[in-house]
Structures are given as C-alpha cells and as structure tokens.
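S.K.: Below is one structure. I have some questions about it.
The values are calculated or read from the model by the stated rules, or taken from the named source; none is laboratory data. Predicted model only: the values in this text are computed from it and were never measured. All Cβ positions, glycine included, derive from the backbone under ideal geometry; neighbour counts span all protein chains shown.
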There are 2 protein chains.
Amino acid sequence: MQTELSVAQAERLILQTVPIWPAEPLALDAAAGRVLRQNVLAERDLPPYDRATMDGIAIVWRSWSSGQREFPLEGVQSAGQAPGALSGAGVAWRIATGAAIPEGADTVVPVERLVETNGGIRMDDAYRPKRGQFIHRQASDRRAGALLLKEGQRIGGVEMALLSANGVARPRVAPDPRIALVSTGDELVGLDSRPEGWQVRSSNGPAMSALLKRHGFGRVAAMHAPDDPEALAERIREALSESDAMVLSGGVSKGARDFVPGVLTEMGTRPALHRVRQRPGFPLWFGMHGEKPVFGLPGNPVSSLVCLRRYVIPALGKAQGARPATAAYATFTKAVTFKPALTWFLPVRLSTSNEGQLLAQPRQTNTSGDFASLAQTDGFAQLPANRSHFPAGATARIFRWNG
Amino acid sequence: MQTELSVAQAERLILQTVPIWPAEPLALDAAAGRVLRQNVLAERDLPPYDRATMDGIAIVWRSWSSGQREFPLEGVQSAGQAPGALSGAGVAWRIATGAAIPEGADTVVPVERLVETNGGIRMDDAYRPKRGQFIHRQASDRRAGALLLKEGQRIGGVEMALLSANGVARPRVAPDPRIALVSTGDELVGLDSRPEGWQVRSSNGPAMSALLKRHGFGRVAAMHAPDDPEALAERIREALSESDAMVLSGGVSKGARDFVPGVLTEMGTRPALHRVRQRPGFPLWFGMHGEKPVFGLPGNPVSSLVCLRRYVIPALGKAQGARPATAAYATFTKAVTFKPALTWFLPVRLSTSNEGQLLAQPRQTNTSGDFASLAQTDGFAQLPANRSHFPAGATARIFRWNG
C-alpha cells in the first residue's frame with residue numbers, strides 16, 4: 001500500500017487500478033447519459049441524397065441563364081417522396097425543404113423570389129440565382145463509412161443525433177454502475193430527528209448522491225453505518241454485495257474510532273492508497289474489493305465533495321471507458337496564500353471576462369468543515385504544494401463541480 | 001406577433017412571455033436537479049458546537065504553557081456524545097474528530113504529537129501548540145438564521161449538502177415540467193425501418209430529449225407527426241393535453257407544406273414570434289397555448305439543437321424560477337468570416353490555455369444540415385450580425401451544449 005502520495009501520484013494510482021467495466025448493448029432511447037463504447041460510422045452518405053435546403057422551385061439553371069423568367073409548374077416534389085424527373089429544360093417543379101431534387105434539375109429558387117402566375121410561376125427579374133444553389137449535395141458532409149463518433153464520449157444531444165441518424169438502434173455503452181455510499185459517524189443524525197447540541201445532521205450521502213447524479217450516475221444508494229467495527233463490517237458487506245463501487249465517508253483518519261481502513265482490510269479489501277499530501281482530504285483511502293473499487297473519503301463535507309469530484313468521479317468515468325476530460329485553467333482574481341507543503345484545493349467561483357479570460361474568484365473556507373462557503377462556488381482550484389503565495393493573475397488548474 | 005426580430009429581441013420576448021410555474025414542496029431525496037424556490041437559512045450555528053478537527057487529546061493550554069508535557073487521561077470524548085468536563089487544568093481527555101470539546105478544555109493536540117505512557121499520554125517536547133488550535137468554534141462559519149442558499153439555484157452536490165445539514169426535509173422546488181417533443185417531416189423514418197434513398201432517419205426527438213436530460217429535464221416525451229394539417233392538429237392537441245410545454249421541430253418555414261404555424265394558430269395558440277435574424281434557426285416560431293409555451297424550431301438537426309439550447313432551455317429555466325446563467329466569453333483560435341447580416345451561431349470546441357484563456361476553436365459546418373461536424377464540439381459561439389470578419393483572437397459570447 002502507498003501512503004502520503006502526491007495528488008498526481010494518487011490520481012495515477014487510482015486510475016491505473018480501477019477495472020474497465022464490460023460494455024453492454026442498450027436500446028438507444030435509454031442510452032442518453034451513457035458512455036459510448038463503440039465507434040459510429042456513417043450508415044449512408046450524408047446527406048443521403050441531393051437535398052433541397054429551401055422551399056421554392058427546382059429548375060435547370062441554363063433555362064434562367066438563357067433568359068427565361070416564367071416557368072410552367074410541372075410537378076411537386078415533397079419531402080419523403082421518391083424524386084421525380086423534369087421533362088426537360090424550361091419547366092419547374094415545386095419543391096420543399098428536405099425533399100430530393102428531381103432528376104434533371106440543378107438549382108433551387110426560393111419561394112421569396114417567386115410570384116404565382118396563371119398556370120405557372122415567375123421569378124423576380126432582379127434575382128440572379130447561382131447554379132447549384134440551395135442544394136445540399138449527396139455525400140458533401142460525409143461519405144458512407146466515415147467515422148462520426150469515437151468510443152469514450154458520453155451521449156448528449158449531439159451524440160444522440162448522430163446515433164439516431166445513422167440507425168444505431170442498440171449502441172454498445174458502458175454500464176451505469178450501482179454505487180453504494182456509506183457515511184459513518186455517530187455524531188450524525190438524519191432529517192427525521194432533531195439534533196442534540198453535540199450532533200450534526202448527516203449530509204454527505206445526499207450531497208454525494210446529487211453530485212454523482214449530475215455526472216450521469218443514476219443508481220446510487222446512500223446508507224449510514226455506526227462507528228462500531230462489527231456493525232460497520234456488516235453494513236459494508238451488505239453494500240458491497242449490491243454495488244459495483246463503494247464510497248465511504250468518515251472514519252479514515254488516525255483516531256481510535258476510525259475503523260474504516262481496518263475493517264475493510266480485514267474483509268479482504270486490498271488497500272492501495274492511504275493519505276494524500278493535500279488539504280482538504282489528507283486521510284483519503286482507496287482499495288479494491290475483488291473487482292470493485294472502494295473509496296474511503298474523509299467525513300467532513302468539504303473534503304468528501306472535493307475528493308468525490310477530484311478522484312472518484314474521474315475513476316468511475318475511467319471504469320466506464322470515458323475519455324478523460326482535458327485539464328482547464330483559470331486566473332485568480334485576487335491573491336491567496338497557503339503555507340503547508342500540501343496541494344491545496346480552494347473553492348472558487350468561475351466567470352469569464354469580456355476578453356475571454358476564465359476567472360477564478362477564491363472563496364476561502366474557514367476550515368474544511370465550513371461548507372456554507374461552498375454555496376456560491378462553481379468548483380475548486382488545485383494549487384501546487386511547492387508554492388505558498390499565489391498573486392492575483394496567477395493561473396491554476398480548476399475542476400468544476402458539475403463539468 | 002413580432003417577426004424578424006434580432007436575437008436579443010427574440011430572447012427578451014420569449015423570457016418575458018413564459019409563465020413562472022408554481023413551486024411545490026418535495027421530499028429532499030427526490031430534489032436533486034430541481035430548481036430551489038426558497039431561501040435556506042442556517043438551522044443552527046455552524047458549527048453547532050465547539051468541534052474537534054483532529055484526533056488527539058483535549059487539554060487546557062495553560063497547563064502546557066506552564067511546562068506540563070505528560071497528562072493523565074481522564075476521559076474519552078467521542079463524536080456524537082454529549083460533552084464531558086475536565087476536572088481541572090492538568091488532565092487530558094482523548095478526543096475524536098467531530099466530537100464536542102469537553103468543558104474546560106481549550107486546545108486539541110493531535111495524535112501524531114503524542115505517545116502513550118503508563119496511565120497517561122506524553123506530548124512531543126519540541127511541539128508548540130497554539131491556544132485554541134484544532135477547534136472549529138461554534139458559529140464561526142455562520143450564525144443560526146444566516147442566509148445560506150438563495151432561491152433560484154439548481155440543486156447539485158453543494159446545495160444538497162446545505163439542505164440536508166440544515167434539516168430542510170421538504171424544500172420548495174420548481175416542478176420538473178412534462179415536455180412534449182413533436183418532430184414533423186414526411187421524409188423521416190424511425191430506427192426500425194430501412195430508409196429509402198430519399199428519406200432520412202428521424203433524429204431530432206432523441207437528440208433534443210438527450211440535451212434536455214443533460215439540463216435536468218427528465219419528463220420528456222418524443223413523438224412524430226406527418227406533414228398533414230389534420231393529423232398534425234390531432235397530434236398537437238394530444239401532446240398539449242399531456243404536457244406543460246411543447247417543442248416542435250420542422251414545418252415552420254414558408255413552404256407549402258409548412259403547416260406548423262397555421263395549425264397552431266387555428267388551434268388557439270397565440271403566436272408571439274416568427275423568424276429571427278440568425279443562422280441557423282431563421283424560421284424560429286414561438287407562442288403561448290393558454291399558459292403553455294410552444295416552440296416551433298426549424299427541422300434540420302443543427303438548427304433545432306442550437307435553438308433548443310439558445311432559447312428553449314433558458315426559457316424553461318426561467319419558468320422554473322432559475323437564476324439566469326451569467327454570459328461566458330471565449331477567444332477564437334482562428335479567423336472566421338460570415339457575410340449575411342444575421343447573427344451567426346458557430347459550433348466551437350472549447351479549451352483553456354495554460355494562462356487561463358478560454359479558447360474557441362471554430363468547427364465550420366457545410367450547411368445547417370451538416371450535423372456530423374457537431375460531434376467534436378462543446379457548444380457554439382454567437383457572432384453579432386453587424387460584423388462579417390472575426391480575426392483570430394476576437395472574443396465572442398459562447399453557449400455550452402451541457403452547461
């Protein structure tokens with residue numbers, strides 16, 4: 001087991017240790033939010049036919065260029081109809097956006113430039129159509145077989161459009177893992193009772209569950225365990241049997257009643273990591289129970305949310321086969337100082353200047369228990385351990401709570 | 001009805017026209033993702049008691065400052081236990097993180113600085129504790145009654161932590177509206193059939209549904225309507241009876257078979273807006289059916305996703321009582337040119353430089369039907385109508401698909 005690693009070392013160790021869950025085929029209408037585990041190729045040319053992009057008439061451009069301005073209407077080409085054919089130059093077909101261009105036609109004149117006449121249609125004299133205009137040519141965007149989506153993307157609106165349009169009725173996707181959240185701490189009471197003066201309300205389960213939901217994890221079960229080794233072991237055994245990954249909060253420090261690492265190890269969970277040179281979140285614990293990742297997060301609310309976002313969510317994404325997010329950087333709006341030789345996770349509010357500078361406004365917390373200060377934040381900055389003063393204008397890597 | 005408005009005018013008109021849906025109380029464990037419709041005040045002081053932030057011993061600082069290094073252990077203060085009391089200076093209580101400080105003690109010495117002795121505990125000689133250290137003082141973060149969360153925030157991890165910790169068992173939240181998506185177009189076929197050469201697969205329903213889901217809207221029903229006024233009216237009537245808002249795609253242009261505006265108006269939907277000086281999305285239509293917002297989006301996939309993100313999602317957020325997102329700006333990595341006197345929505349890939357500059361890499365599409373090009377994008381830039389050339393380094397407002 002590794003101890004007191006740097007943030008970079010801890011991150012690498014965790015990402016290298018988690019398994020990659022096997023992909024599964026899923027009906028497309030249930031696949032929003034899942035990680036795509038296959039490439040998607042163009043089923044047909046895109047567009048699949050020469051397609052009108054305006055409502056109007058389809059004509060032969062040479063009939064206009066040779067002076068013709070009034071056209072007999074020979075047919076109507078609607079969207080969804082097999083394309084007809086012009087009998088020759090000099091005639092027009094009415095055509096709708098999305099319809100296939102009738103054979104022989106090479107130009108679309110939009111309805112705004114036309115007036116109806118007796119038995120035909122007349123173009124605006126001043127209008128000068130370009131040959132081929134308002135036709136989205138077959139295969140002009142992509143050829144059949146072209147790579148459209150690479151595996152590892154989470155399926156949002158754009159990905160869903162491409163999957164649907166290319167007939168991928170059952171894409172291969174990563175599973176939505178069952179995640180057990182176990183919060184420990186005898187000082188915690190639930191929503192249904194009134195806390196005594198020395199108790200606090202339990203908040204880590206609901207908070208972590210909500211954050212996981214924002215990141216696309218929908219199968220989260222939150223439960224509580226008392227600070228007692230036997231009862232804790234029982235709870236953990238139960239939680240592990242019904243989940244693919246487990247996240248505990250509390251009980252990972254060095255105190256006499258911090259039973260989590262010991263209980264897990266005794267149950268056969270292989271410890272991989274304990275303690276990371278960071279604040280908040282120093283006591284972080286990570287191990288594997290068989291093929292199931294197990295995270296032991298410190299119990300205070302700021303530490304648990306920061307560690308969830310910084311380590312657990314990227315690790316679950318890795319296990320889903322998601323491509324890692326690219327690092328983002330922001331500029332501090334005011335100076336901050338932090339003396340300890342630890343990486344510092346500092347909550348920030350993010351905005352952009354009119355010049356496109358991503359700005360981080362630090363929201364210093366009193367302690368790692370001061371989660372009221374998180375209310376106005378969008379995420380946190382990661383400040384390196386080897387510096388203690390960060391002037392206004394300094395840049396730092398940032399992590400968004402929700403992105 | 002307003003026509004050919006600017007983007008800013010259209011946005012203002014839509015946001016001023018949508019209703020604010022009434023708030024409802026909801027069990028907290030179902031409230032993740034909802035918009036909070038009440039302020040949240042601190043239920044008690046935060047923290048509610050003088051709280052140990054390290055495992056170790058609680059002592060009276062003056063006993064150390066007067067030279068004492070070894071302490072008899074008089075008691076154990078665990079988390080969740082009513083605080084005990086020191087019998088006087090010169091003794092120590094073992095204490096756990098999260099526990100209440102026993103009466104009389106004023107300083108916590110962490111376990112790393114201690115060794116057990118026969119019947120007592122001894123501090124590291126070189127260690128110099130500060131008076132009051134490792135005690136998170138009652139009310140030092142917030143006093144009881146302090147404002148913690150303002151109405152209008154969407155409930156994510158941080159908000160859920162504060163709601164739980166302050167005992168808000170049934171917060172008032174905005175409803176999760178039922179949204180009907182109706183896509184029109186006789187050229188569209190579903191996933192279950194093989195498209196003919198002149199047909200395309202339907203993709204707007206699934207794509208818009210996935211994008212709405214990413215923005216927290218979970219009750220979306222997608223359906224298709226043929227390009228026939230009577231069947232369309234029937235479909236719309238059905239969709240309206242089962243939804244709080246409706247989004248149509250296709251059928252809003254000037255073509256002979258663009259029945260959507262006419263059918264809606266005939267059904268009593270009050271038109272408010274038709275056509276916006278923008279590309280893509282020029283034919284955008286908006287009206288109110290009773291108290292239900294109805295959006296008619298152009299049918300091609302790029303237009304419908306852009307209009308959904310630019311107008312529909314902010315309008316639904318407004319109706320939920322969500323605070324508007326602050327505008328974000330990014331810098332172009334290369335020059336782009338767009339001649340028409342229209343606002344241009346240009347798909348972009350976003351990243352940040354190491355210096356914290358938010359960068360937009362334009363992904364020019366061939367046409368508004370070229371949605372394969374959207375695959376690698378994070379959102380789109382909004383480029384003003386009164387300029388045609390935007391050099392590398394120019395800044396523009398951006399909209400993230402998912403944020």
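S.K.: Could you tell me how many of the residues in region A:108-163 are within 11 Å of another protein chain (Cβ to nearest Cβ), under 21 Å from residue A:47 (Cβ atoms) and more than 43 Å from the chain's Cα centre (by Cα)?
M.R.: Residues meeting the conditions: 0.
S.K.: Out of all the residues in region A:351-374, which are over 22 Å from residue A:7 (Cα atoms) and surrounded by fewer than 20 Cβ atoms within 10 Å (Cβ to Cβ)?
M.R.: A:351, A:353, A:354, A:355, A:359, A:361, A:366, A:373
S.K.: Taking the stated definitions as given, is residue B:206 without any contact (Cβ under 8 Å) to a residue 12 or more places away in the chain, closer than 13 Å to residue A:166 by Cα and not basic (Lys, Arg)?
M.R.: On the way: without any contact (Cβ under 8 Å) to a residue 12 or more places away in the chain: no; closer than 13 Å to residue A:166 by Cα: yes; not basic (Lys, Arg): yes.
Answer is no for this residue.
S.K.: Further question on the same structure: Considering only residues that are out of contact with any Gly (no Cβ under 7 Å at 6 or more places or on another chain) and within 11 Å of chain A (Cβ to nearest Cβ), look in region B:334-350 and name the one that is surrounded by the most Cβ atoms within 10 Å (Cβ to Cβ).
M.R.: Filtering region B:334-350 for residues that are out of contact with any Gly (no Cβ under 7 Å at 6 or more places or on another chain) and within 11 Å of chain A (Cβ to nearest Cβ), the one surrounded by the most Cβ atoms within 10 Å (Cβ to Cβ) comes out as B:347.
S.K.: Name every residue in region A:349-403 that is of a type in the set (Lys, Arg) and in a loop (DSSP other than H, G, I, E, B), in order of residue number.
M.R.: Residues satisfying the conditions are A:363, A:387.
S.K.: Name every residue in region B:118-141 that is farther than 14 Å from residue B:68 by Cα and surrounded by fewer than 20 Cβ atoms within 10 Å (Cβ to Cβ), in order of residue number.
M.R.: B:118, B:119, B:130, B:131, B:132, B:133, B:137, B:138, B:139, B:140
S.K.: Hey, any hits in region A:235-246 for a residue that's on the phi < 0 side of the Ramachandran plot and within 13 Å of chain B (Cβ to nearest Cβ)?
M.R.: We begin by selecting, within region A:235-246, every residue on the phi < 0 side of the Ramachandran plot; these are A:235-246.
Those still in the list that are within 13 Å of chain B (Cβ to nearest Cβ) too: none.
No.
S.K.: Determine whether residue A:158 is in a loop (DSSP other than H, G, I, E, B) and either among the β-branched types (Val, Ile, Thr) or surrounded by 24 or more Cβ atoms within 10 Å (Cβ to Cβ) (or both).
M.R.: Judged against the criteria, residue A:158 is not a match.
S.K.: Next up: Hey, could you check region A:321-332 for residues that are buried (at least 16 other Cβ atoms within 10 Å of the Cβ) and of a type outside the set (A, V, I, L, M, F, W, C) and say which is nearest to the chain's Cα centre (by Cα)?
M.R.: For region A:321-332, the residue satisfying everything is A:321.
S.K.: I would also like to ask the following. Which count do you get for residues in region B:126-158 that are without any contact (Cβ under 8 Å) to a residue 40 or more places away in the chain and among the aliphatic types (A, V, I, L, M)?
M.R.: Total satisfying the criteria: 2.
S.K.: Go through (1) more than 19 Å from residue B:186 (Cα to Cα); (2) touching a residue at least 12 places away in the same chain (Cβ under 8 Å) and name the single condition residue A:30 misses.
M.R.: All conditions pass for residue A:30, except number (2).
S.K.: What number of residues within region B:281-294 satisfy the criterion of being surrounded by fewer than 24 Cβ atoms within 10 Å (Cβ to Cβ) and either over 14 Å from residue B:3 (Cα atoms) or more than 14 Å from chain A (Cβ to nearest Cβ) (or both)?
M.R.: 6
S.K.: Something else about it: Could you check region A:56-150 for strands (runs of 3 or more DSSP E) lying wholly inside it with 3 or more residues that are closer than 30 Å to residue B:226 by Cβ and touching a strand residue (DSSP E or B) at 6+ places or on another chain (Cβ under 6 Å)?
M.R.: Result: A:56-59, A:70-77, A:92-95, A:107-110.
S.K.: Now a separate question. Evaluate the following for residue B:26: is it in contact with a Pro (Cβ under 9 Å, 6 or more places away or on another chain), within 25 Å of residue A:200 (Cα to Cα) and surrounded by fewer than 20 Cβ atoms within 10 Å (Cβ to Cβ)? Give the derivation first.
M.R.: Values: in contact with a Pro (Cβ under 9 Å, 6 or more places away or on another chain): yes; within 25 Å of residue A:200 (Cα to Cα): yes; surrounded by fewer than 20 Cβ atoms within 10 Å (Cβ to Cβ): yes.
When the stated conditions are applied, residue B:26 passes them.
S.K.: Residues to consider are B:89, B:30, B:96; find the one that is within 30 Å of residue B:178 (Cα to Cα) and hydrophobic (A, V, I, L, M, F, W, C).
M.R.: On inspection, the qualifying residue turns out to be B:30.
S.K.: Considering only region A:332-358, state which residues are touching a residue at least 12 places away in the same chain (Cβ under 8 Å) and among the small types (Gly, Ala, Ser). Before you say what the answer is, go through the steps one by one.
M.R.: Our first condition is that a residue be touching a residue at least 12 places away in the same chain (Cβ under 8 Å); within region A:332-358, this holds for A:332-350, A:357-358.
A:335, A:341, listed by residue number.
S.K.: Right, here's the next one. Of the residues that sit in region A:223-242 and are surrounded by 21 or more Cβ atoms within 10 Å (Cβ to Cβ) and of a type in the set (Gly, Ala, Ser), which one is modelled with the lowest pLDDT?
M.R.: A:225
S.K.: Let me ask something else about it. Please work out if residue B:59 is of a type outside the set (Gly, Ala, Ser) and touching a Ser or Thr at 6+ places or on another chain (Cβ under 6 Å). Can you show your working first?
M.R.: Details: of a type outside the set (Gly, Ala, Ser): yes; touching a Ser or Thr at 6+ places or on another chain (Cβ under 6 Å): yes.
In short, yes.
S.K.: Confirm whether residue B:38 is surrounded by 18 or more Cβ atoms within 10 Å (Cβ to Cβ), of a type in the set (S, T, N, Q) and under 30 Å from residue B:166 (Cβ atoms).
M.R.: no
Per-residue answers, yes or no, for (1) within 30 Å of residue A:159 (Cα to Cα); (2) surrounded by fewer than 21 Cβ atoms within 10 Å (Cβ to Cβ); (3) more than 11 Å from every other protein chain (Cβ to nearest Cβ):
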| site | (1), (2), (3) |
| --- | --- |
| A:33 | yes, yes, no |
| A:55 | yes, no, no |
| A:63 | no, yes, yes |
| A:69 | no, yes, yes |
| A:74 | no, yes, yes |
| A:93 | no, no, yes |
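S.K.: What number of residues in region B:277-307 are aromatic (Phe, Trp, Tyr) and assigned to a loop (DSSP other than H, G, I, E, B)?
M.R.: Total meeting the criteria: 1.
S.K.: Going by the conditions given, is residue A:353 polar (S, T, N, Q) and more than 12 Å from chain B (Cβ to nearest Cβ)?
M.R.: Values: polar (S, T, N, Q): yes; more than 12 Å from chain B (Cβ to nearest Cβ): no.
No: the conditions fail for residue A:353.
S.K.: Another question, then. State whether the residues of region B:308-320 include one that is within 25 Å of residue B:248 (Cβ to Cβ), in a loop (DSSP other than H, G, I, E, B), in contact (Cβ under 8 Å) with a residue 40 or more places away in the chain and of a type outside the set (Ser, Thr, Tyr).
M.R.: Within region B:308-320, the subset within 25 Å of residue B:248 (Cβ to Cβ) is B:308-320.
Right, trim to in a loop (DSSP other than H, G, I, E, B) and you get B:320.
Now restrict to residues that are in contact (Cβ under 8 Å) with a residue 40 or more places away in the chain: B:320.
Subsequent filtering for residues that are of a type outside the set (Ser, Thr, Tyr) retains B:320.
There is at least one residue in region B:308-320 that is within 25 Å of residue B:248 (Cβ to Cβ), in a loop (DSSP other than H, G, I, E, B), in contact (Cβ under 8 Å) with a residue 40 or more places away in the chain and of a type outside the set (Ser, Thr, Tyr).
S.K.: OK, next. May I ask you to say which residue of A:185, A:167 is within 30 Å of residue A:145 (Cβ to Cβ), within 9 Å of chain B (Cβ to nearest Cβ) and more than 22 Å from the chain's Cα centre (by Cα)?
M.R.: Sole residue among the options that is within 30 Å of residue A:145 (Cβ to Cβ), within 9 Å of chain B (Cβ to nearest Cβ) and more than 22 Å from the chain's Cα centre (by Cα): A:167.
S.K.: Could we say that residue A:197 is over 21 Å from the mean Cα position of the chain (by Cα) and at the interface with chain B (Cβ under 9 Å from one of its Cβ atoms) here? So that I can check it myself, show each step before the final result.
M.R.: Values: over 21 Å from the mean Cα position of the chain (by Cα): yes; at the interface with chain B (Cβ under 9 Å from one of its Cβ atoms): yes.
It is true that residue A:197 is over 21 Å from the mean Cα position of the chain (by Cα) and at the interface with chain B (Cβ under 9 Å from one of its Cβ atoms).
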